[in-house]
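Just below is one structure, and these are the notes that go with it.
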């Protein structure tokens, strides 16, 4: 037992004394804070001017687009009363819509002319509103960049409301009724938790859940590779022969896993501590939705599923490093493990919108997928306690089985040199006395 603790101590010190460990321990929370704060600040300050040309073949709709929340009581052509345009979505940034003189020109000819203006940056985009827009409900937007979803949604919502108002007014419905019928709806979202119901942003919850899954995914990959390369390096340098001569192979195997695992747990604990300090220090700059997401419960489950995930994937990485002879062979076997980690990550992204579906539930109880998928479900909508406990229990049983199997392979593999072993050959090593 003393030799086991000696191996744990050696592996722990080797990891935590590395400059890369210290740098990443400090840098990761700073980067996390930056990813939370910087986008919010950029959204507030990055309001570039945009100039959009509008070819309004239907007539009267450009006034609706230019009617911001502060502009009231403007009268447009075609019966468009603008009194209620203050209910439109807020115009993103500083965007101006400029009318294009169609002058009898068809849309194709006008488009050829304005495509050049878009390419020369004279305008940011061209919006074509056809004459039959009321019946077809189809418009076209041309720009070098079509990723400004806020602007596109604003245009769609504004024209949809304007068309609805015009159709109602044409049927001689009371304007006051029209105003009430076309008034926009704003939605506030609240997350119901055991601690209480709090106001939350659905988009921010989605992004934070995805962000936490990515962090867990990267940690598992990183520490798995550390163990595999460390074991392979000791084998190829023949240091392992000296170690095995002074300690049992199982002690070396378990000592490596526990030592590196404790180093990883230390890093995660420091991350949580630094994150708490940064969030409390700069809470005024952090979105309230982020603060409501980062709860002690999330931190607790992150640690739990990091530990489970570490051992579930570290054990196979360790005996792969012991079984192979070159880094190339190690990467070939490790690619299979990488796929096993990527699969729950992909499922997690698609399941964020429906964390309690049958597929997600079944996959989250599969031990190889549990660390990522069950944690994803907890960050999105906490599942019943029995499901969490069942997933943890299954993971513990899997770790026990893998540890037994890994120790057998490690014992033989560390002293085997020469040809690349097959999976069948590694399984035969398990039967060796």
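Quick notes
- Residue within region 368-387 that is surrounded by fewer than 14 Cβ atoms within 10 Å (Cβ to Cβ), assigned by TED's automatic domain parsing to the domain that holds residue 227 and either part of a helix (DSSP H, G or I) or in contact with a strand residue (DSSP E or B) (Cβ under 8 Å, 6 or more places away or on another chain) (or both) present: yes
- Filtering 122, 113 for residues that are part of a helix (DSSP H, G or I) and over 19 Å from residue 63 (Cβ atoms) leaves a single hit, 113.
- Unmet requirement for residue 299, which otherwise passes all of (1) at pLDDT 85 or above; (2) in contact with a helix residue (DSSP H, G or I) (Cβ under 7 Å, 6 or more places away or on another chain): (1)
- Any hit, region 404-411, residues being assigned to a helix (DSSP H, G or I), out of contact with any helix residue (DSSP H, G or I) (no Cβ under 9 Å at 6 or more places or on another chain) and modelled with pLDDT under 90: yes
- Taken across region 271-290, residues that are within 26 Å of residue 231 (Cβ to Cβ), at pLDDT below 80 and either assigned by TED's automatic domain parsing to the domain that holds residue 12 or assigned to a helix (DSSP H, G or I) (or both) do occur, with at least one present.
- Region 126-162: number of residues that are part of a loop (DSSP other than H, G, I, E, B), crowded, with 16+ Cβ neighbours inside 10 Å and out of contact with any strand residue (DSSP E or B) (no Cβ under 6 Å at 6 or more places or on another chain): 2
- Within the set 82, 32, the sole residue that is in contact with a helix residue (DSSP H, G or I) (Cβ under 7 Å, 6 or more places away or on another chain) and modelled with pLDDT of 65 or more turns out to be 32.
The values are calculated or read from the model by the stated rules, or taken from the named source; none is laboratory data. Predicted model, so just to flag it, every value in this text is computed and none were measured. All Cβ positions, glycine included, derive from the backbone under ideal geometry; neighbour counts span all protein chains shown.
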